Each structure stands twice: as structure tokens, then as C-alpha cells.
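The values are calculated or read from the model by the stated rules, or taken from the named source; none is laboratory data. Quantities reported herein were computed from a predicted structural model and do not represent experimental measurements. Ideal geometry is used to build each Cβ from the backbone, glycine not excepted, and the neighbour counts take in all protein chains shown.
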Amino acid sequence: MRLFTALMILVLVPAASGAQTQADLNQTACGEFEQADQTLNRVYQQIRQRYQGDNDFLDKLKRSQRAWIAFRDAELEALYPDENKQISYGSIYPMCVCGEQARLTQDRINQLRRWLDVEEGDGCAGSRRP
């Protein structure tokens, strides 16, 4: 577990961040999640704008996004199942959970961008269009 913790710190907090304490590390990791979440919201709104006339698609996109949020939250609960997380996982918990939220959010951003980055002639694009 200690190796995992050390690797998480190296991956989540670049040396240039200037983080000195666990609180700094936590704040940096959670800031990265907040940035990813803002990007996710921008991409989602861009899709809604581009497909504004396709109500059927937009309704299903909304359902998909809600299901993804439920998945994200369930994934975090599975990763950190103990009831009292701070006691069970220690002072590193906020950094770890924010890092995992950022990773999951970035994955979702990549999934959603498919609706914005469609190439003409892609027969398997489904509802995605240029």
C-alpha cells in the first residue's frame, strides 16, 4: 500500500506545484478535479448546443450523463468502501479521491468529445454528426 501511495503522489502532484504538506497535496489534487469538472461541463454544453434540434438525442444524452455520475460515485464507493473514510484511509484520502475523480472525469470528457470530433463518412458514428 505504501508504494501505491507514493506513486499516487508522484502522478497526481507534479514537482512544480510547490506542494509541501499533505494539505497542499490534497488542495492541488482537488483543484485538478475541479478543473476537469469545469471542462466536462463545457464539453457537455457544447454538445447540447451543437445538437439543440435533436431532442431525442439530448434526452438520451442527459440520461447517459446521469448514469455516468451514478457510476462515478459508485466506483469511488467501491474503491473506498469504509464508512469513516478519513479514519480508514488517513490524511491522504482527499488527495486520492480527488485524483480518482479527476481520472474518471477525464475519461468521460474523452467519451463526450466523440460527439464534437466526428469525421465525415464515419458510418458507425450513430447520432454523432459533423
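Filter the helices (runs of 4 or more DSSP H) completely within region 1-103 down to those with at least 1 residues that are among the β-branched types (V, I, T) and modelled with pLDDT of 95 or more.
Helices (runs of 4 or more DSSP H) meeting the threshold: 22-50, 55-79.
Kindly evaluate S127 against the criterion of being touching a helix residue (DSSP H, G or I) at 6+ places or on another chain (Cβ under 9 Å), closer than 30 Å to A23 by Cα, loosely packed, with under 14 Cβ neighbours inside 10 Å and in contact (Cβ under 8 Å) with a residue 60 or more places away in the chain.
Answer is no for this residue.
Filter region 105-124 down to the residues that are surrounded by 13 or more Cβ atoms within 10 Å (Cβ to Cβ) and either on the phi > 0 side of the Ramachandran plot or β-branched (V, I, T) (or both) and list them by number.
T105, I109, V118 - these are the residues of region 105-124 that are surrounded by 13 or more Cβ atoms within 10 Å (Cβ to Cβ) and either on the phi > 0 side of the Ramachandran plot or β-branched (V, I, T) (or both).
State all residues of region 58-102 that are among the β-branched types (V, I, T) and within 21 Å of L112 (Cα to Cα); if no residue qualifies, say none.
Answer for region 58-102, where residues must be among the β-branched types (V, I, T) and within 21 Å of L112 (Cα to Cα): just I69.
Which pairs have Cβ atoms under 8 Å, sit 6 or more apart or on different chains, and link a residue in region 83-102 that is closer than 14 Å to T28 by Cα to one that is small (G, A, S) and surrounded by 12 or more Cβ atoms within 10 Å (Cβ to Cβ)?
P94/A29; M95/A29; C96/A29; C98/A29; G99/A29; Q101/A36; A102/A29; A102/A36
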